[in-house]
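Structure record follows, encoded as structure tokens.
Derivation of every value follows stated rules applied to the coordinates shown; laboratory data play no part. Computed from a predicted structure; not experimentally measured. No Cβ is skipped: glycine too gets one built from the backbone with ideal geometry, and neighbour counts run over all protein chains shown.
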């Protein structure tokens, strides 16, 4: 009986040992993970999110003033037509700097190129200074507020970055100026060029927040026509910053 029990005990031990070895082997295989894929198989590339095509910007800033030219009031002497003219007084005009608000809608044509349409409004002052009066009158400056509205079409080239995307743009359009008594209305042309940057406020994976960007523009604007005494006038500087939303 003792021999039979010893034989049974030996078989039980061998069976338990075999089970333990099998479990250890299975655990080791599971820890190693699945076998490596074929080295020749192509590794799938991460898909780059598509560019959002439509962009709407609301910007605010300032536009600097510009001189509008100098005029002279003259009187021909008694010995006409050979008499020398006599200056009665001179006038100089300028438009002052003012706050500016602007709305822009852009469409991305390619990764780098966009076309934009813009509408802006400002309330500068129109100043006329009368000086050098022949009768010795004191110099005087007359001021009238202006309402200035402009529309513009522009082309933008942008270097697309992960968070910061600098750009250059150039455009042209029209400007309409109306004085405070609403007695003088003038229309002219505006030409602008400059650059800036668009800064993403959140990564692409943040849902609606990824559509929000900060935009800053600095441009030179040249006005032809409108309220002016001379066609040749210096350019104005336009500096703007605001929010851009992309769809």
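Compute log10 of I(q)/I(0) for the range 153-205 with the Debye formula, placing one identical point scatterer on every Cα and leaving out solvent, at q = 0.15 Å⁻¹, to two decimals.
-0.61
Tell me the relative contact order for the range 74-229 as a rounded percent, counting alpha carbon contacts under 8 Å between residues six or more apart.
On the way: 359 pairs, mean separation 24.8, N = 156.
RCO, the range 74-229: 16 percent.
Give the Cα extents of the range 118-177 along the principal axes, in whole Å, largest first.
Largest first, the range 118-177 extends 66, 20, 17 Å along its Cα principal axes.
Is the C-alpha gyration tensor of the range 102-247 telling us rounded, prolate or oblate? Criteria: a/c under 1.5 is rounded; beyond that, a/b larger than b/c is prolate, otherwise oblate.
Values: a/c = 2.90, a/b = 2.70, b/c = 1.07.
Prolate, because a/c is 1.5 or more and a/b exceeds b/c.
Quick one: order 213, 112 by neighbouring beta-carbon count within 10 Å, fewest to most. Please list the in-between numbers first.
Numbers: 213 22, 112 13.
Arranged by neighbour count, lowest to highest, 213, 112 become 112, 213.
Calculate the length of the line joining the C-alpha centroid of the range 196-229 to that of the range 124-176, in whole Å.
Each part's Cα centre sits 18 Å from the other's.
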